[in-house]
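What follows draws every value from the coordinates through simple rules; no lab data is involved. Predicted, not measured: the structure shown is a model, and the values here were computed from it. Here the Cβ is made from the backbone with ideal geometry for all residues, glycine too, and neighbour counts use every protein chain on show.
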Amino acid sequence: MSWGAPDSEPTRLVLLRHGQTPLSVERRFAGRGDVPLTEEGHAQAEAAARRLSGWGIDAVVSSPLSRARHTAGYAAELLGLPVETDEGFVETDFGAWEGLTFAEAHERDPEGVDRWLADPEASPPGGESFAEVARRVGAARDALLERHRGRRVLVVSHVTPIKVTVQQAVLAPITALYRMHLDTACLTEVDCYADGPQVVRSLNDTAHLDQ
């Protein structure tokens, strides 16, 4: 085994969770519903954009949902880059639980919620399992790495796709998703080497929100 760095320059994924929304304030399931940013969410997106302006970003990729696209728009405008939308980085489909709090979902469907927590292959009624999200996000990441090899790419997405990217980078089991916390408008960085591993450089960085 060698402890030396891989020979290639990595593709750096700078993963930005979208800004605050009404559902994130109330800690409700927010999947495919196209909820807007709050006023605070817009301020968070602006703060993230200012911080990213000096990071050498080469491309901006966003989930198609408006909360992500609007967050991406602030950074893209400062960077002078277009926003490329990618369905692969959309949030989990929470099906019948969309818009509910965890307590409300558990009250309505206790057995379903318990199965969902115990088994990554289990999905909300009419929704998507974490295992399905992991396969989707992994494929989207691999395609992005082919398109933008060796570049620094800002990916504006959601909690689950960002957690999945970290989980897969460190070769953790998918249950590791339950052991991560991501704040709104946080930054996470993952370096992806063509001839080596993926390396997590930072997680849930919110320094720009403290200023």
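Values computed for the structure shown
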{"item": "Gly56 of a type in the set (Gly, Ala, Ser) and either in contact (Cβ under 8 Å) with a residue 60 or more places away in the chain or at positive phi (or both)", "result": "yes"}
{"item": "Enumerated helices (runs of 4 or more DSSP H) restricted to segment 68-154, each holding at least 2 residues that are on the phi < 0 side of the Ramachandran plot and in contact with a helix residue (DSSP H, G or I) (Cβ under 6 Å, 6 or more places away or on another chain)", "result": "102-108, 130-147"}
{"item": "Matching entry among Val25, Val90, Val35, Val61 (being buried (at least 16 other Cβ atoms within 10 Å of the Cβ), β-branched (Val, Ile, Thr) and free of Cβ contacts under 8 Å to residues at least 60 places away in the same chain)", "result": "Val35"}
{"item": "Single residue of segment 180-211 satisfying the filter (aliphatic (A, V, I, L, M), in contact (Cβ under 8 Å) with a residue 60 or more places away in the chain and assigned to a loop (DSSP other than H, G, I, E, B)) that is surrounded by the fewest Cβ atoms within 10 Å (Cβ to Cβ)", "result": "Ala194"}
{"item": "Test: residue in segment 2-11 that is touching a strand residue (DSSP E or B) at 6+ places or on another chain (Cβ under 6 Å), assigned to a loop (DSSP other than H, G, I, E, B) and surrounded by 19 or more Cβ atoms within 10 Å (Cβ to Cβ)", "result": "yes"}
{"item": "Hits in segment 144-179 (condition: among the hydroxyl-bearing types (Ser, Thr, Tyr) and loosely packed, with under 14 Cβ neighbours inside 10 Å)", "result": "Thr175, Tyr178"}
{"item": "Residues satisfying the stated conditions in segment 141-164, i.e. within 14 Å of Ser63 (Cα to Cα) and among the β-branched types (Val, Ile, Thr)", "result": "Val153, Val155, Val156, Val159, Thr160, Ile162"}
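Residue by residue, here is whether (1) among the aromatic types (Phe, Trp, Tyr); (2) part of a helix (DSSP H, G or I); (3) over 25 Å from His106 (Cβ atoms) holds:
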position	(1), (2), (3)
Leu16	no, no, yes
Gly19	no, no, yes
Leu23	no, yes, no
Val35	no, no, no
Glu46	no, yes, yes
Arg50	no, yes, yes
Trp55	yes, no, yes
Pro64	no, no, yes
